[in-house]
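Data block below; observations after.
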Amino acid sequence: MEVLFIGFAILLVLRKVNLRRNELFYFMLFGIQSLAFFIEALRTDNLMLTEHLKMAQTISILLI
């Protein structure tokens, strides 16, 4: 839960910075997919792609 507040605070700070077009969107997309990758590592009900890599983690990596 704290990670969400930290991410929200970072987005608020970055909103004030002069960014190029869609750069804030890409930062948010990267952050969400990175967080999803680590959350999927904690799940116990999963679909395994390989012996050590889960299908949801693979999708998160591809979206990053």
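Just a few scattered comments:
Let's see how each residue does on (1) among the hydroxyl-bearing types (S, T, Y); (2) at pLDDT 80 or above; (3) surrounded by 12 or more Cβ atoms within 10 Å (Cβ to Cβ):
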| site | (1), (2), (3) |
| --- | --- |
| I6 | no, yes, no |
| V13 | no, yes, no |
| F25 | no, yes, no |
| S34 | yes, yes, yes |
| N46 | no, no, yes |
| T50 | yes, no, no |
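- Residue match in segment 22-29 (condition: closer than 19 Å to L63 by Cα and in a loop (DSSP other than H, G, I, E, B)): yes
- Some residue of segment 46-58 being under 9 Å from the mean Cα position of the chain (by Cα) and without any contact (Cβ under 8 Å) to a residue 40 or more places away in the chain: no
- One residue from I6, I61 being part of a helix (DSSP H, G or I) and without any contact (Cβ under 8 Å) to a residue 12 or more places away in the chain: I6
The values are calculated or read from the model by the stated rules, or taken from the named source; none is laboratory data. Since we're looking at a predicted model, the values are computed, not measured. FYI the Cβ positions are ideal-geometry reconstructions off the backbone, even for glycines, and counts take in every protein chain you see.
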